[in-house]
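J.: Shown below is the structure under consideration.
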Amino acid sequence: MFAALNTVEPPIVELSMAHVLERKEPWYEARLPMLQERVRTRLRQLSERLGTAEWLDGGFSAGDLMMIGVLLRLGGHGLLEEFPNVAAYVARGEARPPTGVLSRPSARSSRPAPRASPPAPVAAAVRRCRPA
């Protein structure tokens, strides 16, 4: 979880924010390769750590949930596709069925609680920040 939030996320957020806030500035095009390379560095490290494993720490965990949520911010930048094992990792995470409290029937009702994939709120927020 800490790697997702403290190592991988900062350069991804910086890239996303530059696109949102600076893309019309004269320095944006000159700065973009540096920002992309910072993200590539972290994706390369993550790719090496993941290797051929399905999940980062054996079975699916909260760490995977956090990491996939962070990586979803890269949609539309084309960087994730440069690392096929990481792209496949994100796809596996997105394909997981909902689990936990959201998938259990409510204690007060015989109807199931609303089903939502854990990364769905993150994915919706990320779509608003993607490049056009």
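J.: Please work out whether segment 1-77 counts as rounded, prolate or oblate from its C-alpha gyration tensor, where a ≥ b ≥ c are the square roots of the eigenvalues and a/c under 1.5 means rounded, while otherwise a/b larger than b/c means prolate and anything else oblate?
T.: Prolate, because a/c is 1.5 or more and a/b exceeds b/c.
J.: For ALA91 and LEU32, what does the FRET efficiency come to when R0 = 22 Å and r is the distance between their Cβ atoms, rounded to the nearest 0.05?
T.: E between ALA91 and LEU32, to the nearest 0.05, is 0.25.
The numbers here are math on the coordinates, done by the rules we state, and not lab data. All figures in this text were calculated on a predicted structure; none of them were measured in a lab. With ideal geometry, Cβ positions are generated from the backbone for all residues, glycine too; neighbour counts draw on all protein chains shown.
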